[in-house]
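Inspection log for the structure reproduced underneath, given as structure tokens.
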Amino acid sequence: MNHTLYAMQSSGNCYKPRLLMHQLGLDFRLVDTDTRDGSTRTIEFLALNPNGKVPLLVLPDGRRLAESNAMLLHLAEGTPYLPADRYERALCYQWLFFEQYSHEPYIAVARSWLSLQPGGRASVSAERLADLHAGGYRALRVMEARLEEAPWFAGSAYSIADIALFAYTHVAGEGDFDLAAYPRTRDWLQRVAGQPGHVGLDWRP
Ligand SMILES: N[C@@H](CCC(=O)N[C@@H](CS)C(=O)NCC(=O)O)C(=O)O
């Protein structure tokens, strides 16, 4: 029995476990679950994830796991993608929490309004968009500063912290973020994309 991932293809949160499972060489079944057509609100899906969100991972033994970064931690356990060093592992957690609280709520949400919602730019007020851009650029400045002191977010090696932050940073342009002033971040995006087993957002098993 393999893992099963309930996911929406365009979602960066859903891309994270897809990418890591590919890098780990794990076979898995993908169940397309689109948040825009009610698929995350069915009785069947809410029984799997009462929070009504994708991604949702079902382990080979039938146990369920929600939250993309929890999936990364679970899947990476005992592999080089989760640092063995205690401090670097804690740094990894730090950047996973940062991604969910200080990055994704701005960069992913701006992208969603501008590039994924049917109404596009017309569906978001200029004021709300300005708030999202202020928060997103704050997160990008923090990332750029980190990459001045270390090659990877958890320190010395590529890890799930990089996967989590790559998911929405590499499509930040779709939320009207300009990365021109963030050279280290642009270099890091290229280095992440060059990792063994890397696949893009469109990849599916
Ligand atoms: N913190 C969650 C966020 C999951 C999330 O917001 N998923 C979106 C798609 S990217 C979703 O399912 N939205 C549907 C909804 O909120 O109703 C994670 O990292 O997995």
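Is there a residue being assigned to a helix (DSSP H, G or I), touching a Leu at 6+ places or on another chain (Cβ under 7 Å) and within 14 Å of residue 16 (Cβ to Cβ) anywhere in segment 136-158?
Looking for residues that are assigned to a helix (DSSP H, G or I), touching a Leu at 6+ places or on another chain (Cβ under 7 Å) and within 14 Å of residue 16 (Cβ to Cβ), one finds none in segment 136-158, hence no.
Residue check: is residue 101 on the phi < 0 side of the Ramachandran plot, among the aromatic types (Phe, Trp, Tyr) and touching a residue at least 60 places away in the same chain (Cβ under 8 Å)?
On the way: on the phi < 0 side of the Ramachandran plot: yes; among the aromatic types (Phe, Trp, Tyr): yes; touching a residue at least 60 places away in the same chain (Cβ under 8 Å): no.
When the stated conditions are applied, residue 101 does not pass them.
Just checking, does segment 130-143 include any residue being under 23 Å from residue 195 (Cα atoms) and either surrounded by 16 or more Cβ atoms within 10 Å (Cβ to Cβ) or out of contact with any Phe, Trp or Tyr (no Cβ under 9 Å at 6 or more places or on another chain) (or both)?
yes
Can you run down the residue pairs with Cβ atoms below 8 Å, 6 or more apart or on separate chains, where the first is in segment 39-50 and in contact (Cβ under 8 Å) with a residue 40 or more places away in the chain and the partner is within 11 Å of the ligand (Cβ to nearest atom) and of a type in the set (Val, Ile, Thr)?
So the pair list comes out as 49/40.
Which residue, of 103, 74, is under 19 Å from the mean Cα position of the chain (by Cα), within 22 Å of residue 169 (Cα to Cα), modelled with pLDDT of 95 or more and not acidic (Asp, Glu)? Can you show your working first?
Values: 74 fails: within 22 Å of residue 169 (Cα to Cα).
Among 103, 74, only 103 is under 19 Å from the mean Cα position of the chain (by Cα), within 22 Å of residue 169 (Cα to Cα), modelled with pLDDT of 95 or more and not acidic (Asp, Glu).
Taking strands (runs of 3 or more DSSP E) that do not extend beyond segment 2-86, which have at least 1 residues that are outside the structural domain of residue 111 (by TED's automatic domain parsing) and within 11 Å of the ligand (Cβ to nearest atom)? Steps first, answer last, please.
Values: elements: 3-7, 28-32, 56-58, 64-66.
Strands (runs of 3 or more DSSP E) meeting the threshold: 3-7, 56-58, 64-66.
Any residue in segment 165-179 that is touching a residue at least 40 places away in the same chain (Cβ under 8 Å), over 15 Å from residue 17 (Cα atoms) and among the small types (Gly, Ala, Ser)?
yes
Only one of these is basic (Lys, Arg) and in a loop (DSSP other than H, G, I, E, B): 121, 186, 204, 128. Name it.
204
Restricting attention to segment 51-93, which residues are loosely packed, with under 15 Cβ neighbours inside 10 Å and over 21 Å from residue 198 (Cα atoms)?
Of everything in segment 51-93, those that are loosely packed, with under 15 Cβ neighbours inside 10 Å and over 21 Å from residue 198 (Cα atoms) turn out to be 51, 60, 61, 62, 63, 64, 84, 85, 86, 87, 90.
Has segment 167-179 got any residue that is within 30 Å of residue 26 (Cα to Cα), surrounded by fewer than 17 Cβ atoms within 10 Å (Cβ to Cβ) and not charged (D, E, K, R)?
no
The values are calculated or read from the model by the stated rules, or taken from the named source; none is laboratory data. Quick caveat, the model's predicted, so the values are computed rather than measured. Ideal geometry is used to build each Cβ from the backbone, glycine not excepted, and the neighbour counts take in all protein chains shown.
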